[in-house]
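Presented below is the structure to which this report refers.
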Amino acid sequence: MKIKAVLFDLDGTLIDTEKYFRICWPMAFHDMGYFLSDEQALYMRSLGRRFVQEFLKENFGEGLDYMKVKEIRKRYMEEYLKDGLALKKGAKEILEGLGRLGIKRGVATASDIERTKRYLGRVGILDCFDHIISATMVEKGKPAPDIYLYACNVMGEDPAECIAIEDAPNGIKSACSAGLKVIMVPDQTGPDENLSKMIFKRADDLFEALKIIEKNFDKQS
């Protein structure tokens, strides 16, 4: 298999933050006078802004101020993360391994660029990436394919020769529909039957994801 580039999701894949979204979104909704279930919080993982707004309108009507609840959630997140930000298991090792193989490394995230670079800098891996792509750069975020199509274009590679590493359904759907092969490293939930059909391989952590890539990498590519 030709593997020219690997694109990583950020939250829940490279850094251990997804669990805090699961906590902080419901807290923010509560402050606004609404109840957000755990199932709804999980559904919102990596969901693009347009799709979040549609989801909120469908479930909470027109009265909920998305930007305000988002700002509250951000404040809660910063409070949780002020004392430390952890890398996911095997993050540094997979980035070093891809570098040795000569495979390009990128980030494709729903988070904005400022936050992404700040967090990657805090955990010491900002300089490991050739490109950092945010959903704010495209019309539609995940689960639409736009971010991965754009990322592959920026990196100058065919999506068919790229791998996405994702932890959550919206990111997997985005990468799969863009034509990338997906390695899922589950964080909060594992794949259901439909999601299992979309992924190339499942890995328990990024160490195992690297082994999968090494096994399938065509050294002549």
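Tell me yes or no: at least one residue of segment 182-198 is surrounded by fewer than 21 Cβ atoms within 10 Å (Cβ to Cβ), closer than 15 Å to Lys4 by Cβ and modelled with pLDDT of 95 or more.
no
Output the residues belonging to segment 75-114 that are among the β-branched types (Val, Ile, Thr) and either touching a Lys or Arg at 6+ places or on another chain (Cβ under 6 Å) or in a loop (DSSP other than H, G, I, E, B) (or both).
Ile103
Scanning for something in contact with a Leu (Cβ under 8 Å, 6 or more places away or on another chain) and at pLDDT 95 or above, does segment 61-82 turn up at least one residue?
No, every residue in segment 61-82 fails to be in contact with a Leu (Cβ under 8 Å, 6 or more places away or on another chain) and at pLDDT 95 or above.
So is Gly102 over 26 Å from Ile172 (Cα atoms), without any contact (Cβ under 8 Å) to a residue 12 or more places away in the chain and either surrounded by fewer than 20 Cβ atoms within 10 Å (Cβ to Cβ) or in the same structural domain as Asp205 (by TED's automatic domain parsing) (or both) or not?
When the stated conditions are applied, Gly102 does not pass them.
Give just the number: which of (1) part of a helix (DSSP H, G or I); (2) within 16 Å of the chain's Cα centre (by Cα) does Ile212 not satisfy?
(2)
Take segment 47-74 and flag every residue that is over 19 Å from Pro143 (Cα atoms), in contact (Cβ under 8 Å) with a residue 40 or more places away in the chain and among the hydrophobic types (A, V, I, L, M, F, W, C).
The answer is Val69, Ile72.
So how many residues does segment 17-32 have that are closer than 18 Å to Ala110 by Cβ and either touching a strand residue (DSSP E or B) at 6+ places or on another chain (Cβ under 7 Å) or among the aromatic types (Phe, Trp, Tyr) (or both)?
Number of matching residues: 5.
Among the residues of segment 162-181, how many are over 20 Å from Ala5 (Cβ atoms) and either assigned by TED's automatic domain parsing to the domain that holds Phe51 or in a helix (DSSP H, G or I) (or both)?
2
Scan segment 8-65 residue by residue and report those that are in a helix (DSSP H, G or I) and either β-branched (Val, Ile, Thr) or over 21 Å from the mean Cα position of the chain (by Cα) (or both).
Ile23, Met27, Ala28, Phe29, His30, Asp31, Val52, Lys57, Glu58, Asn59, Phe60
What number goes with the only condition from (1) part of a loop (DSSP other than H, G, I, E, B); (2) surrounded by fewer than 12 Cβ atoms within 10 Å (Cβ to Cβ); (3) at pLDDT 95 or above that Asp127 does not pass?
Every condition holds for Asp127 apart from (1).
Name every residue in segment 199-211 that is out of contact with any Asp or Glu (no Cβ under 9 Å at 6 or more places or on another chain) and buried (at least 18 other Cβ atoms within 10 Å of the Cβ), in order of residue number.
Hits for segment 199-211 are Ala203, Ala209.
Restricting to segment 131-150, and then to whatever is within 13 Å of the chain's Cα centre (by Cα) and not in a loop (DSSP other than H, G, I, E, B), can you tell me which residue is modelled with the lowest pLDDT?
Filtering first and then ranking leaves Ala135.
Kindly establish whether Lys117 is under 15 Å from the mean Cα position of the chain (by Cα), closer than 20 Å to Glu93 by Cα, of a type outside the set (Gly, Ala, Ser) and assigned to a helix (DSSP H, G or I).
Against the criterion (under 15 Å from the mean Cα position of the chain (by Cα), closer than 20 Å to Glu93 by Cα, of a type outside the set (Gly, Ala, Ser) and assigned to a helix (DSSP H, G or I)), Lys117 qualifies.
How many residues does segment 75-84 hold that are within 20 Å of the chain's Cα centre (by Cα) and free of Cβ contacts under 8 Å to residues at least 40 places away in the same chain?
2
Kindly check whether there is at least one residue in segment 20-35 that is under 30 Å from Phe217 (Cα atoms) and surrounded by 19 or more Cβ atoms within 10 Å (Cβ to Cβ).
No - not one qualifying residue is present in segment 20-35.
The values are calculated or read from the model by the stated rules, or taken from the named source; none is laboratory data. Everything quoted here is computed from the prediction, not taken from an experiment. Neighbour counts run over all protein chains shown; Cβ positions are idealised from the backbone, glycine included.
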